[in-house]
1. Quick check on my filter: what residues within region 276-293 are over 23 Å from residue 74 (Cβ atoms) and within 15 Å of ligand 3 (Cβ to nearest atom)?
2. Pairs only if they're at least six apart or on different chains, beta carbon under 6 angstrom, first in region 103-131 and within 14 Å of residue 210 (Cα to Cα) and within 16 Å of ligand 1 (Cβ to nearest atom), second open to solvent by 60 Å² or more (accessible area, probe 1.4 Å) and not in a helix (DSSP H, G or I); list them, first residue then second.
3. Would you confirm whether any residue within region 215-223 is part of a loop (DSSP other than H, G, I, E, B) and not aliphatic (A, V, I, L, M)?
4. Might you check whether a residue that is more than 12 Å from ligand 3 (Cβ to nearest atom) and of a type in the set (Gly, Ala, Ser) occurs anywhere in region 266-275?
5. Please state which one of 96, 113 is assigned to a helix (DSSP H, G or I) and open to solvent by 30 Å² or more (accessible area, probe 1.4 Å).
6. Checking residue 144 against (1) closer than 19 Å to residue 231 by Cβ; (2) at pLDDT 90 or above, only one condition comes out false. Which one?
7. How many residues, within region 94-147, are closer than 25 Å to residue 197 by Cα and either more than 16 Å from ligand 3 (Cβ to nearest atom) or in contact with a Cys (Cβ under 7 Å, 6 or more places away or on another chain) (or both)?
8. Quick check: is even one residue across region 273-281 modelled with pLDDT of 95 or more and within 18 Å of residue 171 (Cα to Cα)?
Amino acid sequence: MLNLCNASPMPSGKATSPAKRPDWIRRGSLNAPMSIRKHVNSTVLCTQTSQARLPPRAAAAVGTADDASSSSNNNSFSKPSVTSRAAATSAAFATLGFCVLSDEVPLMRLLVLTYAVWSIGEWIIHRYFMHARAGSFGDRLTPLNKLHVEHHKDKNMTLREDNDINALYFHYPNTAIQVLSGAAILAALDAIFLLDIPFEWTLGSSVLFAITHNLLWNTMHMDMHEVHEDLQDGLPCVSYQRSHPLIQKYVQWVFDNHTTHHDVGGGWNYNVVCPGPDFILGTYMERSQKVKL
Ligand SMILES: [Zn+2]
Ligand SMILES: [Zn+2]
Ligand SMILES: [Zn+2]
């Protein structure tokens, strides 16, 4: 059985003694080494904060990477500053507080709350289910992590021939589960905070967000990994233009954020299409060089 915690690291670089299993392995990350394969050619770790928690081999690779072929690409990874994290956290809590307290704009309140549920849900599912450690709750509940381990085996955004396409998108049953659990969570919040949101609205909002989220995820996750196939059992990939002026900023963020998730071994950037929770919960890693769209 595949084991997320003990997935074997790349057979290269300096050997790490098993006794000193680094943090990123315990956290369920996969491939240690960082290299930017497709879009960026070389990688340099620069900040102390990121170096402290990033794969050791990645740090060791600085200056020695074979991928350092292009001198124009000196990408580095860093965590956002404490100040910007504090600002984002305050803004998020202020918005949520407004939602709970204000009776004036019930629809706005519902949409903000639904976004919060979906973005935190995405973060939790990716972190605790897809990257579930062996024996953990998420590991016992679903096989999502088995698929996802395979997905992360490729240290490249361009997947290997034998990649399982099922790891790339949400299937219809997953979409349905999201509608039901999202509506249940919203209904619970409604009851706890006495929000007086009619249940039909809650359900409608959940349907809207599940469909939008899954369409975005399926479309963009497949596209980022350069897999273009028709899905029989999931919401379809929509064709879109990556650099269309209306969406380019968002597309760029999604590509940068998720390429980094793969580059650093899966232990950061759990959000894929819903920005926010990573930043607030301290799992956000930025890259200095944008990914080429
Ligand atoms: Zn991916
Ligand atoms: Zn493509
Ligand atoms: Zn992942």
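The values are calculated or read from the model by the stated rules, or taken from the named source; none is laboratory data. None of these values were measured; they are calculated from a predicted model. Backbone-built Cβ (ideal geometry, glycine too); neighbour counts: all protein chains shown. Heavy atoms of the whole protein, side chains included, go into the accessibility calculation; ligands, DNA and RNA do not. Shrake-Rupley method; radii C 1.70, N 1.55, O 1.52, S 1.80 Å.
1. Filtering region 276-293 down to residues over 23 Å from residue 74 (Cβ atoms) leaves 276-283.
Result: 277, 278, 283.
2. Filtered contacts from region 103-131: no entries.
3. Residues of region 215-223 that are part of a loop (DSSP other than H, G, I, E, B), as a first pass: none.
The answer is no; no qualifying residue exists.
4. First pass over region 266-275, keeping only residues more than 12 Å from ligand 3 (Cβ to nearest atom): 273-275.
Those left that are additionally of a type in the set (Gly, Ala, Ser): none.
No, every residue in region 266-275 fails to be more than 12 Å from ligand 3 (Cβ to nearest atom) and of a type in the set (Gly, Ala, Ser).
5. Values: 113 fails: open to solvent by 30 Å² or more (accessible area, probe 1.4 Å).
Exactly one of 96, 113 is assigned to a helix (DSSP H, G or I) and open to solvent by 30 Å² or more (accessible area, probe 1.4 Å), namely 96.
6. Checking residue 144 against (1) closer than 19 Å to residue 231 by Cβ; (2) at pLDDT 90 or above, the one that fails is (2).
7. Adding up the residues that qualify gives 28.
8. yes
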